[in-house]
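Chemist: Here's a structure for you.
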Amino acid sequence: MAAGLIHGPKLVLMDEPTVGVDPQSRNHIFEMIEKLRDEGMSIIYTTHYMEEAERLCDRIAIVDHGKVIAQGTNAELVSSVFGSRSQVTARFAGADERVGAWVAERGGRIVDGAAEITVERASEIAALLDAASKAGFELMDMALHRPNLESVFLHLTGRALRE
């Protein structure tokens, strides 16, 4: 990398620069890229690691089978695919068919014994908890999963990352 940067180019192509490096070196690479970007260098960065693209890239292009299928900022891509929706996952004690019916009434589904319900705003969780309590369900745990770049990639390509 040093040899490619020593002459101070205005544009650099970095093709999977963190593959096979240890975590400490990976963080040094990230810091170097962030510094170069902050100094005004344009960087074309290719990666299969969505968290790297989220951290380092101002604009992202998702390529599938050699074609750009989506592009924009991370926020634009997530918003264009999922809007403001998030996924709530909840586990209830003694989950039975009553829980399944309750979840289905809210447009959700049961996956591996957990209720999955889509919400537009995180504030809707309070109403879900209240309704579950009124239905007599004991909540064991709950999590809010906001979509990220990996969610966008999987949704747009219709397949797993390593498929």
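Chemist: Would you check which residues across the stretch 123-152 are out of contact with any helix residue (DSSP H, G or I) (no Cβ under 6 Å at 6 or more places or on another chain) and in contact (Cβ under 8 Å) with a residue 60 or more places away in the chain and list them?
Modeler: Of everything in the stretch 123-152, those that are out of contact with any helix residue (DSSP H, G or I) (no Cβ under 6 Å at 6 or more places or on another chain) and in contact (Cβ under 8 Å) with a residue 60 or more places away in the chain turn out to be R146, N148, S151.
Chemist: Still on this structure, I have one more. Can you tell me how many residues within the stretch 19-60 are out of contact with any strand residue (DSSP E or B) (no Cβ under 7 Å at 6 or more places or on another chain) and on the phi < 0 side of the Ramachandran plot?
Modeler: Qualifying residue count for the region: 26.
Chemist: Could you pull out the residue among L128, L161 that is surrounded by 11 or more Cβ atoms within 10 Å (Cβ to Cβ), within 29 Å of R26 (Cα to Cα) and modelled with pLDDT under 95?
Modeler: Among L128, L161, only L161 is surrounded by 11 or more Cβ atoms within 10 Å (Cβ to Cβ), within 29 Å of R26 (Cα to Cα) and modelled with pLDDT under 95.
Chemist: Now, a different point. Restricted to the stretch 38-68, and to residues that are among the polar types (S, T, N, Q) and under 21 Å from the mean Cα position of the chain (by Cα), which residue is nearest to D15 (Cα to Cα)?
Modeler: Only one residue tops the list, namely T46.
Chemist: Next question, about the same structure. Just a yes or no: is a residue in the stretch 135-151 at pLDDT 90 or above, under 19 Å from V78 (Cβ atoms), surrounded by 14 or more Cβ atoms within 10 Å (Cβ to Cβ) and in contact with a Leu (Cβ under 8 Å, 6 or more places away or on another chain)?
Modeler: For the stretch 135-151, residues at pLDDT 90 or above, under 19 Å from V78 (Cβ atoms), surrounded by 14 or more Cβ atoms within 10 Å (Cβ to Cβ) and in contact with a Leu (Cβ under 8 Å, 6 or more places away or on another chain): present.
Chemist: Among the residues of the stretch 16-32, is there at least one that is under 25 Å from the mean Cα position of the chain (by Cα), among the aromatic types (F, W, Y) and modelled with pLDDT under 95?
Modeler: No; the residues of the stretch 16-32 include none that is under 25 Å from the mean Cα position of the chain (by Cα), among the aromatic types (F, W, Y) and modelled with pLDDT under 95.
Chemist: Moving on to the next point. Looking at the structure I just gave you, is A101 exposed (fewer than 13 other Cβ atoms within 10 Å of the Cβ), without any contact (Cβ under 8 Å) to a residue 24 or more places away in the chain and closer than 16 Å to E150 by Cβ?
Modeler: Considered against the rule, which asks whether it is exposed (fewer than 13 other Cβ atoms within 10 Å of the Cβ), without any contact (Cβ under 8 Å) to a residue 24 or more places away in the chain and closer than 16 Å to E150 by Cβ, A101 comes out as no.
Chemist: Starting from the stretch 32-51, take each residue that is within 16 Å of N74 (Cβ to Cβ) and assigned by TED's automatic domain parsing to the domain that holds I62 and list its partners that are of a type in the set (V, I, T) and assigned to a loop (DSSP other than H, G, I, E, B), counting only C-beta distances under 8 angstrom and pairs at least six apart or across chains.
Modeler: T47/T18; Y49/T18
Chemist: Also, quick follow-up: Against the condition loosely packed, with under 15 Cβ neighbours inside 10 Å, under 30 Å from R59 (Cβ atoms) and touching a helix residue (DSSP H, G or I) at 6+ places or on another chain (Cβ under 6 Å), how does E120 come out, does it pass?
Modeler: no
Chemist: On the given criteria, is G72 assigned by TED's automatic domain parsing to the domain that holds I29, at positive phi and either of a type in the set (V, I, T) or under 21 Å from the mean Cα position of the chain (by Cα) (or both)?
Modeler: In short, yes.
Chemist: Something else about it: So, of the residues in the stretch 1-33 that are charged (D, E, K, R) and loosely packed, with under 13 Cβ neighbours inside 10 Å, which turns out to be farthest from N148 (Cα to Cα)?
Modeler: Checked the stretch 1-33; the qualifying residue farthest from N148 (Cα to Cα) is K10.
The values are calculated or read from the model by the stated rules, or taken from the named source; none is laboratory data. What you are looking at is a predicted structure, and each value in this text was computed from that prediction instead of being measured. Note that each Cβ is placed from the backbone with ideal geometry, even for glycine, and that neighbours are counted across all protein chains shown.
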